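A.B. asks: I have a structure I would like to understand better, so I am pasting it below and will then ask my questions one at a time.
What follows is calculated from the coordinates using simple rules that are stated; it is not laboratory data. In this text the structure is predicted, and so the values were computed from the model without any measurement. Cβ: placed from backbone, ideal geometry, glycine included. Neighbour counts: every protein chain shown.
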Amino acid sequence: MSVHTEQSAVTVLGLGPMGRALAGAFLDAGLRTTVWNRTPGRDRELVARGAVSARSVEEAAAASRLTVVCVVNYDAVDTILRREAVTDALKGRTVVNLTADTPDRARDAAAWAAEHGIRYLDGAIMTPTPTIGTPAAVFLHSGPNDLYHKHQPVLEALGGTHTHLGEEIGRAAAYDVALLDIFWTAMAGYAHAVAVAHAEGIAARELAPFAKGIGDLLPPIFEGLAAEVEAGTSSDEGSPLTSVASSMAHVIHTSEAHGIDAGVMRAAEGLARRAIGQGHGTDGFIRVAELLGRR
Ligand SMILES: NC(=O)c1ccc[n+]([C@@H]2O[C@H](COP(=O)([O-])OP(=O)(O)OC[C@H]3O[C@@H](n4cnc5c(N)ncnc54)[C@H](OP(=O)(O)O)[C@@H]3O)[C@@H](O)[C@H]2O)c1
């Protein structure tokens, strides 16, 4: 196989919404794209656009030097890859695992790959399917430098920004869980806010412009607080923990008066009260990061 065709071919295992978006972007970039999915038929539209449908994982793996895996979690990845016929087909080739899971699972997958002579990169996708193939996509990668740079041109066919976070294979998954932590706790807050607002006769669309205003406050706060966290300081005269805990209590009382579970806010308030109890009442809310990090 010539260098040109090696770099022009890619296999995608897993054709859920994200796998289909990845394969579609590879096709749009003109790459020979071989696809496989556990449940047959999910490749119909991709095949109509020029993808090659493999009858088995091993056939898919043998079709390209680079295999991208994107399924629900690493249990599914293991079910797909950890079979002799597949490991034999992947030997000497590269797997880029864009499935989300924990840093430990990424380390375990890399150890398995090394044992079987398979080169391995781990990655995380930080944006939803419509961004794939556009400048808005965000990909994080970790693993051997040389391997990342070798496959970077093919990975960049997926559009957006690609950041190689270093050789420690768990790094991309570690960033992923930290960022998902922000996203899903924020979404839990939003879902709760919509329920409480609704109980007070406010429609979600009426709340939306003000909710956006609250969201817009956060990026500069995250950036500003990063320096404080590094320095171990967290004074906040404008919004001390004593005042924060009191405003959280208003949310809890309003919510519970409507019979709405306030568990998420109760957890946040509990952290604020713990920090106050330890003498940090004049500090800002970010002081709880240090409390949580204490073993
Ligand atoms: N969707 C997004 O916007 C988004 C954004 C960022 C990251 N991600 C990540 O991308 C990955 C894929 O997500 P997704 O959106 O495509 O949907 P998903 O529901 O997380 O994954 C669906 C895929 O997993 C496969 N699968 C599930 N269990 C399996 C098993 N035991 N053996 C073999 N294959 C199995 C499914 O195959 P079948 O079709 O046979 O069920 C399908 O190909 C996930 O890790 C997700 O967290 C998704």
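A.B. asks: Using each residue's phi in the range 183-195, evaluate 6.51 cos²θ - 1.76 cosθ + 1.60 at θ = phi - 60° and report the 3J(HN,Hα) Karplus result to the nearest Hz, with x for Gly and Pro.
C.D. replies: Ordered by residue, 3J(HN,Hα) equals 4, 6, 6, 5, 5, 5, x, 5, 4, 5, 4, 5, 5 Hz.
A.B. asks: Helix-derived [θ] at 222 nm for the chain: sum -39500 (n - 2.57) over DSSP H runs of at least 4, divide by residue count, nearest 500?
C.D. replies: -17000 deg cm²/dmol
A.B. asks: Test of understanding: in a Gaussian network model of the chain with alpha carbons linked when under 10 Å, which of LEU81, LEU207, LEU121 would top the mean-square fluctuation ranking?
C.D. replies: The residue that fluctuates most here is LEU207.
A.B. asks: Something else now. Please list the non-local residues whose amide H lies under 5 Å from the amide H of TYR120, H modeled 1.01 Å from N, same-chain partners needing a gap of 5 or more.
C.D. replies: HN-HN under 5 Å from TYR120: VAL95.
A.B. asks: As a footprinting exposure proxy, order VAL35, VAL71, VAL52, VAL47 by other Cβ within 10 Å, with the fewest listed first.
C.D. replies: So the residues, fewest neighbours to most, are VAL47, VAL52, VAL71, VAL35.
A.B. asks: Something else: Would you mind ranking TRP184, TRP112, TRP36 so that the residue whose beta carbon has the fewest other beta carbons within 10 Å leads the list?
C.D. replies: TRP184, TRP112, TRP36
A.B. asks: Follow-up. Could you state the number of Å between the C-alpha centres of the range 67-130 and the range 281-295?
C.D. replies: Going from one Cα centre to the other spans 36 Å.
A.B. asks: A follow-up question, please. Along the range 68-83, what does the Karplus equation 6.51 cos²θ - 1.76 cosθ + 1.60 (θ = phi - 60°) give for ³J(HN,Hα), rounded to whole Hz, x for Gly and Pro?
C.D. replies: Going residue by residue, I get 9, 10, 8, 10, 5, 6, 6, 4, 5, 4, 4, 4, 6, 9, 8, 9 Hz, with x marking Gly and Pro.
A.B. asks: A further question follows. Which of the GluC sites (Glu not before Pro) across the range 202-295 are loop residues per DSSP, with 11 or fewer other Cβ within 10 Å?
C.D. replies: Here the sparse-neighbourhood loop sites are GLU237.
A.B. asks: Shape of the range 157-295 from its Cα gyration tensor (a ≥ b ≥ c, root eigenvalues): rounded if a/c is under 1.5, otherwise prolate when a/b > b/c, or oblate?
C.D. replies: oblate
A.B. asks: Next question. Give me the percent relative contact order of the range 130-214, please, defined on Cα pairs under 8 angstrom at least 6 residues apart.
C.D. replies: RCO, the range 130-214: 25 percent.
A.B. asks: Taking 8 Å as the Cα distance limit and 6 or more residues as the minimum spacing, I'd like the relative contact order of the range 230-295 as a percentage.
C.D. replies: 49
A.B. asks: Residue by residue through the range 92-104, which ³J(HN,Hα) values in whole Hz follow from phi under the Karplus form 6.51 cos²θ - 1.76 cosθ + 1.60 (θ = phi - 60°), with glycine and proline marked x?
C.D. replies: Each residue's phi maps through the Karplus curve to give x, 9, 10, 10, 10, 9, 9, 6, 8, 6, 8, x, 5 Hz.
A.B. asks: Round to a whole angstrom and tell me the spacing of the C-alpha centers of the range 12-42 and the range 216-236.
C.D. replies: Centre-to-centre distance over Cα atoms comes out at 40 Å.
A.B. asks: Next question, about the same structure. For an R0 of 22 angstrom, estimate the FRET efficiency from the Cβ-Cβ distance between SER239 and VAL264 and round to the nearest 0.05.
C.D. replies: Between SER239 and VAL264 the formula returns 0.65.
A.B. asks: Please label the shape of the range 6-167 as rounded, prolate or oblate, based on the square roots a ≥ b ≥ c of the eigenvalues of the alpha-carbon gyration tensor (a/c under 1.5 means rounded; beyond that, a/b larger than b/c means prolate, else oblate).
C.D. replies: The shape class here is rounded.
A.B. asks: Could you work out the relative contact order of the chain, using alpha carbon pairs under 8 angstrom and six or more residues apart, expressed as a whole percent?
C.D. replies: 12
A.B. asks: Something else about it: Quick one: among LEU241, LEU15, LEU98, which has the greatest mean-square fluctuation in a GNM of the chain with alpha-carbon springs under 10 angstrom?
C.D. replies: Taking springs between Cα atoms under 10 Å, the residue moving most is LEU241.
A.B. asks: Any idea what angle helix 17-28 forms with the longest principal axis of the chain, computed on alpha-carbon atoms, 0 to 90 degrees, nearest 10?
C.D. replies: 50
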